[in-house]
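Working notes, beginning with the structure itself.
The values are calculated or read from the model by the stated rules, or taken from the named source; none is laboratory data. Just so it is clear, the structure is predicted and the values come from calculations on it, not from any experiment. A quick note on method: Cβ atoms are made from the backbone with ideal geometry, for glycine too, and the neighbour counts reach across all protein chains shown.
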Amino acid sequence: MNFIVAVDLDYGIAKNGGLLARLPGDLRFFKQKTLGNVVVMGRKTLESLPGQKPLAERENLVLTKDKNYHCPGATVLHSREEVLKWIKDHNISQEKVFISGGAEIYQLFMPDCCTGYVTEIKHHLAADRFIEKINQSSQWIETGRSQMQQENGYGYEWVTYQRKHRI
Ligand SMILES: NC(=O)c1ccc[n+]([C@@H]2O[C@H](COP(=O)([O-])OP(=O)(O)OC[C@H]3O[C@@H](n4cnc5c(N)ncnc54)[C@H](OP(=O)(O)O)[C@@H]3O)[C@@H](O)[C@H]2O)c1
């Protein structure tokens, strides 16, 4: 399983229910990675998307505790276990699953992930949602780093992490 996230220098991911920075190039990167695959997101992230609509041309799994929640075009599930069962029942390989936020959902599925696609925005952006600093974790190793991108006054790099095998 993969996770894909954009973080600032503090490993913040969100502010006031939205993203930290407008980075069209990073949205294209997200689309290129996830198109045709499965994205897993929390109800709050779904509702932060344009029109509160699921992402096109991807299977959207949305997590909520609310048993009455419906969202046309998305599969609504109610626990981590239900997500894992859905993936198994549909014979989806782990490489095709992208944990796509927000903070609660990254935390819930981090132990299931082996690869992380982290967009490192080189600024402090006063976030109000954070994820674990995997760049400081002994569990993860950096395996790739892009050239510095510049967009809308922000510098950022795409960094790939792999989970280290447990000894
Ligand atoms: N920087 C990035 O790459 C990135 C990526 C995605 C999102 N975001 C941002 O992240 C923010 C949202 O993050 P967030 O942490 O506030 O919310 P979130 O993780 O998107 O969604 C939280 C919701 O998920 C449901 N949920 C959580 N744990 C669950 C569980 N164990 N079982 C069933 N349902 C569960 C609950 O829904 P109910 O309350 O309905 O029960 C909970 O309120 C937004 O601002 C968004 O823009 C940033």
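Every test in (1) touching a Leu at 6+ places or on another chain (Cβ under 9 Å); (2) part of a strand (DSSP E or B) is passed by residue 21 save one, and that test is (2).
Assessment of the stretch 64-73 against the conditions (at pLDDT 95 or above, more than 7 Å from the ligand (Cβ to nearest atom) and within 17 Å of the chain's Cα centre (by Cα)) yields no matching residue. When the test is whether a residue is of a type in the set (A, V, I, L, M, F, W, C), under 23 Å from residue 112 (Cβ atoms), assigned to a helix (DSSP H, G or I) and within 11 Å of the ligand (Cβ to nearest atom), residue 83 passes it.
If the condition is being more than 16 Å from the chain's Cα centre (by Cα) and of a type in the set (S, T, N, Q), then the stretch 136-167 contributes 136, 137, 138, 139, 143, 146, 147, 149, 150, 152. If you filter the stretch 6-18 down to residues that are part of a loop (DSSP other than H, G, I, E, B) and of a type outside the set (Phe, Trp, Tyr), you find that the one that is nearest to the ligand (Cβ to nearest atom) is 17.
Residues checked against (1) closer than 20 Å to residue 113 by Cβ; (2) modelled with pLDDT of 95 or more; (3) near the ligand (Cβ under 8 Å from one of its atoms); (4) under 13 Å from the mean Cα position of the chain (by Cα):
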position	(1), (2), (3), (4)
4	yes, yes, yes, yes
35	yes, yes, no, no
56	no, yes, no, no
79	yes, yes, yes, no
88	yes, yes, no, no
92	yes, yes, no, no
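Given the conditions (1) within 13 Å of the chain's Cα centre (by Cα); (2) over 26 Å from residue 91 (Cβ atoms); (3) surrounded by 21 or more Cβ atoms within 10 Å (Cβ to Cβ), and given that residue 26 satisfies all but one, which numbered condition is not satisfied? Evaluating residue 26 over (1) within 13 Å of the chain's Cα centre (by Cα); (2) over 26 Å from residue 91 (Cβ atoms); (3) surrounded by 21 or more Cβ atoms within 10 Å (Cβ to Cβ) leaves (3) as the failure.
Once the stretch 100-124 is narrowed to residues that are surrounded by fewer than 18 Cβ atoms within 10 Å (Cβ to Cβ) and touching a Lys or Arg at 6+ places or on another chain (Cβ under 7 Å), the residue that is nearest to residue 156 (Cα to Cα) is 114.
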